[in-house]
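Read the structure below first, then the notes.
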Amino acid sequence: MISVLVIFLQILLAKPEPSNVRDKSAVAVFKDGSIVGHVPINMAPILYQFLRREVNKAFVEVKGEKVNRGGGYGLEIPCVYRL
């Protein structure tokens, strides 16, 4: 299990994670070189395709505190994606 420390307005790097066994279109979010989370599954395929070009970059700006609203979505952290 990965421990997540959220700092408001922190900017993290998003990169494709093709080795993910659960989702071949997974996009991981990195802090200091370690995976601290993933882009939501409904957004990941689009962002994954964008990031396949090496010149394209994506950053995740943390905007709020973590929350679990239930419904099977797991832990959520409000973010803005910058491409």
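Rule-based calculations on the coordinates, nothing more; no lab input. Note that the coordinates shown come from a computational prediction; the quantities given were computed from them, not determined experimentally. Here Cβ is always computed from backbone atoms with ideal geometry, including for glycine, and neighbour counts include all displayed protein chains.
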Worksheet item: Which of the residues that make up segment 29-63 are aromatic (Phe, Trp, Tyr), in contact with a strand residue (DSSP E or B) (Cβ under 6 Å, 6 or more places away or on another chain) and touching a residue at least 24 places away in the same chain (Cβ under 8 Å)?
Response: 48, 59
Practice prompt. Scan segment 64-76 and report the pairs whose first residue is in contact (Cβ under 8 Å) with a residue 60 or more places away in the chain and whose second residue is surrounded by 10 or more Cβ atoms within 10 Å (Cβ to Cβ) and part of a strand (DSSP E or B), with Cβ atoms within less than 6 Å and a gap of 6+ or a chain change.
Written response: none
Worksheet item: Counting only residues that are touching a Gly at 6+ places or on another chain (Cβ under 7 Å) and of a type in the set (Gly, Ala, Ser), how many does segment 52-82 have?
Response: 0
